[in-house]
Amino acid sequence: MVLYFTGTGNSRYLARRIAERLEMPLYDLNACIKAGNTAPVQTGRDVVLFCSYSGATKDMEAVLGAAKERGAKTVCVTDYANSPLAKLCDYAIVIA
């Protein structure tokens with residue numbers, strides 16, 4: 001199992017801080033999706049943690065959709081429980 005941390009805008013900082021606290025590498029899934037490469041997520045045992053304050057960022061559907069197609073579990077960290085992101089992910093962590 002691999003745990004990937006990602007986010008957009010200022011929320012990338014939150015993803016980075018979580019990865020640092022857990023002493024795990026931060027992997028930029030956004031760059032991979034934009035390049036048309038979904039290879040980082042390999043199996044259904046992988047987990048993608050996506051951080052977004054608003055829960056309505058432009059690239060989130062592409063990143064999470066590609067991860068879900070490969071069978072990965074998705075977790076989001078957001079301030080809004082009813083955001084599109086929270087509805088799209090398997091699990092939502094609301095920090096408001």
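The values are calculated or read from the model by the stated rules, or taken from the named source; none is laboratory data. Worth saying up front: this structure is predicted, and the values here are computed from it rather than measured. Neighbour counts run over all protein chains shown; Cβ positions are idealised from the backbone, glycine included. When the accessible area is computed, the model is the full protein with side chains, heavy atoms only, and any ligands, DNA or RNA have been set aside. Shrake-Rupley method; radii C 1.70, N 1.55, O 1.52, S 1.80 Å.
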Hits in region 3-17 (condition: closer than 17 Å to Ala72 by Cβ and either over 12 Å from the mean Cα position of the chain (by Cα) or of a type in the set (Gly, Ala, Ser) (or both)):
Gly7, Ala15
Restricting attention to region 58-96, the residues that are open to solvent by 30 Å² or more (accessible area, probe 1.4 Å), under 19 Å from Gly9 (Cβ atoms) and assigned to a loop (DSSP other than H, G, I, E, B) number exactly 6
If the Cβ limit is 8 Å and pairs must be 6+ apart or interchain, which residue in region 76-96 that is farther than 19 Å from Val47 by Cα and of a type in the set (Val, Ile, Thr) pairs with which residue that is at pLDDT 90 or above and surrounded by fewer than 17 Cβ atoms within 10 Å (Cβ to Cβ)?
Ile95/Asp79
Please work out if Tyr53 is part of a loop (DSSP other than H, G, I, E, B), at pLDDT 80 or above and open to solvent by 20 Å² or more (accessible area, probe 1.4 Å).
yes
Output the number of residues of region 1-20 satisfying the condition of being acidic (Asp, Glu) and in contact (Cβ under 8 Å) with a residue 24 or more places away in the chain.
0
Return the residues of region 49-70 that are out of contact with any helix residue (DSSP H, G or I) (no Cβ under 6 Å at 6 or more places or on another chain) and of a type in the set (S, T, N, Q); say none if nothing qualifies.
Ser54, Thr57
